[in-house]
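What follows is a short report on a single structure.
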Amino acid sequence: MITRFLNPKSIAIIGASDHEHKVGGVLMKKLEGYKGKVIPVNPGHASLFGMKCYPRILDYEGEIDLAVIAIPAEFVAAALEQCGKKGVKNVIIISAGFSEAGNSKEEEKLRAAAAKHGLRFLGPNCFGVCNPAEHIDLTFSATTPEKGEIAFISQSGALWSYISDFSVGKFGFSGFASLGNMADLEFEEFIEYFCRDKSTKAIVLYIEKLKDGRKFISTCRKCAKFKKSIYAVKAGASQRGQEAAFSHTASLASDYKIYKGSMKQAGVVLCESLRDAFEKATSRKLDGEPKMPLAEAGEKAVIITNAGGAGALISDYCEKAGIEVVEKPIDLLGTASAADYSAAFERLRSRADYDFLICILTPQSMSEPEKTAEALLDFKKQSKKKVIAYFLGGDAVAAATDLLRKNRILCFNND
Amino acid sequence: MKILREKEAEDFLKKEGFDIVEGAVVRSKKELAGLRIQFPWAMKVISKKIVHKTRAGGVILGMKTAAEAEKSFEKLGALPGFEGVLVQRMMMGQGEFAILGLKDTPEFGLVIMVGSGGTKVEELDDVSFRVTPITGEDASEMLKEIKLRTRNEEELKKNLLRLSRLAEKYPKISELDINPIVITQDRGVIVDARMILK
């Protein structure tokens, strides 16, 4: 049913561009090795990368398996409507600015348009999909991994930049899907797809919050016959139950305990970290370092990150180790440049309410790992606070990691 | 939202096939003298004016004779808003204390819990959760996951499964605590329960 999301014969890019810092430009570039038909859509260009560019998707005459929408939120509903009219049944909406930004009304419009035309969509606010075997990479991660047997379904897209880069030379992927806001497609559809997919051996899930836990359990049970191993990492696992609850049951009911039980019922293995999950999924040891050395229980950490999901995971590890995370992780978003990091470090200078800084970077297409490492070194020179770096990935963060380690900053490449 | 405390919650559970500790509400010394409940007793004041019974001196434990019970009744009778006294047989030393619970969650609907019961459940934090309804196999696994061992595991499992059936029958339950349920050689006796309906 959703096969065409990962194996399309033709892909329209709505918001295609030749600009390397625009999502539409990154995607066009990354599809260079793709054997199917690419249809750029953008009223501002007559041609792109030597291909004819169409003002609207309706102007293209052939059939389109999959459309990717990467334009500002206010124009997305109209673009989706046009996809419907064109008869496109599968759409990925990368654009952000919907329910995650408090704009649920606009998201409702997407659902209505999809229902009207009988199309399915992934997102909005998602990181896209990747299928290395078909040379399809519709994500803006800096690295496209090798093909392989592992599927990854993630509620945080930016974690893909880390995992895809980290995987190089270690293991490959049968597919990746970033779920974003899950306004339409959710975990269940992709779990079923990968369970039926012959090239997939194991599936890794990164879960922040399920929309319908009972549907999740029944889907996993239904798919048990395909004998695929499923591993899950749950963000927010350190959260306690309600304080001052009416009942003991409510105060004892932490997210982690409920997930521990419910995942058993689903036949899913709950893992401690993404590294743990991928080690189990690949049945091999992936170079591991201790999770949280240096810091001591009772200390306070400030977390700066360009990936919300990585920030959530690492603050979980902190809580488990008895380290308090001051407020919430500071999320500079996936587009953060070295200058953005630098400005965030600058704002920390006057603060005294923390003991150490955890700086997280996942290599996304607009990231500058080395320059960010330099900015972190500058901060370290002028500050007495301890610094720990999580530059998550492999080759894309190797030079930055060397630089940090040479200057005696502890730097991890995995979670 | 509706809150059912003590007697109300216990009466509800009794109708659903749970075993509730022997007890009765009495409003006079005459009614007290007529009780046929095995000693020792626990006596709890019934008063709308008292929220924290233990703190207000509204709970007296361990009466072994009718004379001791009468004295305690007089003490409780002097408390503000006195309406009567709940007299219960005390189960101290008769078995192990377990807790059973249900809670409605946004992600999974009603989840079910079993664990070490008593007054220090939060400190012990020895509990296991599942999504309702559970199978016999789920129940056995849950009992294996917790540290609590009782003299009659079959009895605790029976009550856990009964609670799972209750959850299916009453989806309107928002929270339910059964704490403790005392697991004796031949019974699983509920001493205290509270419940919120949506």
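For segment A:259-354, what class follows from the C-alpha gyration tensor (a ≥ b ≥ c being the square roots of its eigenvalues): rounded when a/c is under 1.5, otherwise prolate if a/b is larger than b/c, else oblate? List each step's numbers first, then the result.
Numbers: a/c = 2.15, a/b = 1.76, b/c = 1.22.
Verdict is prolate for segment A:259-354.
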Extreme residue, positive dipole direction of segment A:139-265, given options A:Val233, A:Cys195, A:Gly148 (C-beta unit charges): A:Cys195
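Which value, in debye to the nearest 20, gives the size of the charge dipole of segment B:50-198 about its Cα centre, when Lys and Arg are +1 and Asp and Glu are -1 at the Cβ? Present the calculation step by step, with values, prior to reporting the outcome.
Numbers: 22 positive and 23 negative charges, 73 e Å.
Dipole magnitude for segment B:50-198 comes out near 360 debye.
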Defining a contact as two alpha carbons under 8 Å apart and six or more residues distant in sequence, what relative contact order in percent does segment B:1-97 show? 36
Considering all projection directions equally, how large on average is the shadow of the alpha-carbon convex hull of chain B, in square nanometres? 11.4
Measure off 7 Å from each Cα along the Cα-to-Cβ vector at B:Glu83 and A:Ser47, then give the distance between these two points in nanometres to one decimal. 8.7
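Explain nothing, just the number: relative contact order of segment B:67-141, from Cα pairs under 8 Å at least 6 residues apart, as a whole percent. The partial results should precede the final answer.
Details: 64 pairs, mean separation 14.0, N = 75.
That works out to 19 percent.
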Residue farthest toward the positive end of the dipole of segment B:11-66, with Cβ of Lys/Arg at +1 and Asp/Glu at -1: which of B:Ile37, B:Val59, B:Phe12? B:Val59
Under 1.5 on a/c is rounded, so check that first for segment A:161-319, then, if it is not, pick prolate when a/b is larger than b/c and oblate when it is not; a ≥ b ≥ c are the square roots of the alpha carbon gyration tensor eigenvalues. oblate
Between segment A:98-161 and segment B:51-83, how many Å separate their Cα centres? 64
Coarse-grained scattering of segment A:1-131 at q = 0.12, 0.16, 0.21 Å⁻¹, given as base-10 log I(q)/I(0) from a Debye sum over alpha-carbon atoms: -0.40, -0.73, -1.31
For segment A:1-60, just run the numbers: alpha carbon Rg, then divide by 2.2 N^0.38 Å, N being how many residues it has. 1.09
Given a Förster radius of 45 Å and the C-beta distance between A:Glu327 and A:Lys198 as r, what FRET efficiency does 1/(1 + (r/R0)^6) yield to the nearest 0.05? 0.45
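Would you list A:Phe345, A:Phe278 from fewest to most Cβ contacts within 10 Å? Intermediate results must be reported in sequence, preceding the final value.
Numbers: A:Phe345 21, A:Phe278 25.
In order of increasing Cβ crowding within 10 Å: A:Phe345, A:Phe278.
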Could you tell me how many degrees, from 0 to 90 and to the nearest 10, lie between the Cα long axis of helix B:66-77 and the main elongation axis, the longest principal axis, of the Cα atoms of chain B? 90
Sequence-distant aspartates and glutamates (8 or more away, or on other chains) whose Cα lies within less than 17 Å of B:Lys198: B:Glu8, B:Asp104, B:Glu107, B:Glu168, B:Glu175, B:Asp177
Using a Gaussian network model on chain A with a 10 Å cutoff between Cα atoms, which of A:Ala77, A:Ala67, A:Ala177 fluctuates the most? A:Ala77
Once a ≥ b ≥ c are taken as the square roots of the eigenvalues of the Cα gyration tensor of segment A:306-415, is the result rounded (a/c under 1.5), prolate (a/b larger than b/c) or oblate (a/b not larger than b/c)? rounded
Once the Cα gyration tensor of segment B:74-154 is diagonalised, what are the square roots of 5 times its eigenvalues, in whole Å and ordered largest first, as equivalent ellipsoid semi-axes? 32, 18, 12
Kirkwood hydrodynamic radius of segment A:101-241 from all distinct Cα pairs, in Å? 15.9
Just report the Cα centroid separation between segment A:212-271 and segment B:116-138, whole Å. 14
If we count other beta carbons within 10 Å of each Cβ, what is the order of B:Phe73, A:Phe216, fewest first? B:Phe73, A:Phe216
Once Lys and Arg get +1 and Asp and Glu get -1 on their Cβ, which of A:Ala46, A:Phe356, A:Gly261 lies farthest toward the positive end of the dipole of chain A? A:Gly261
For segment B:1-41: span of alpha carbons on each principal axis (Å, largest first): 37, 21, 16
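Within 10 Å of each Cβ in peptide A:253-264, how many partner chain Cβ atoms are there on average? Round it to a whole number, please. Each step should come with its number before you reach the end.
Values: counts 9, 3, 2, 1, 8, 9, 3, 4, 14, 7, 1, 8.
What the average comes to for A:253-264 is 6.
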The protein assembly as shown - Rg (one decimal) and Dmax (whole number), Cα, Å: 29.6, 102
Relative contact order (percent, whole number), segment A:144-240, Cα cutoff 8 Å, 6+ residue spacing: 32
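So how much slack lies between B:Lys71 and B:Ala33, counting 0.36 nm per residue of separation and subtracting their Cα-Cα distance, in nm? Spell out each step's value before the answer.
Values: separation 38, 0.36 × 38 = 13.68 nm, distance 1.20 nm.
In short, 12.5 nm is gained.
How large is the dipole of segment A:75-231 about the Cα centre if only Lys and Arg carry +1 and Asp and Glu carry -1, each at its Cβ, rounded to the nearest 20 debye? If you can, show how the numbers build up before the last one.
Numbers: 22 positive and 18 negative charges, 144 e Å.
Approximately 700 debye in magnitude.
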Modelled label reach - A:Lys147, point 7 Å along Cα→Cβ, segment A:169-200 residues with backbone N closer than 14 Å: A:172-176, A:198-200
Label-to-label distance, nm, for residues given as B:Arg149 and B:Glu137 (7 Å Cα→Cβ offset): 2.6
Where labels lie 7 Å past Cα in the beta-carbon direction, separation of A:Ser104 and B:Glu16 in nm: 3.0
Could you work out the mean count of beta carbons from other protein chains within 10 Å of each residue's beta carbon in B:122-131? 5
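None of the figures in this text is laboratory data; all of them are computed from the coordinates on show. Source: prediction; values computed, not measured. Using ideal geometry, Cβ is built from the backbone for each residue, glycine included, and neighbour counts are taken over all protein chains shown.
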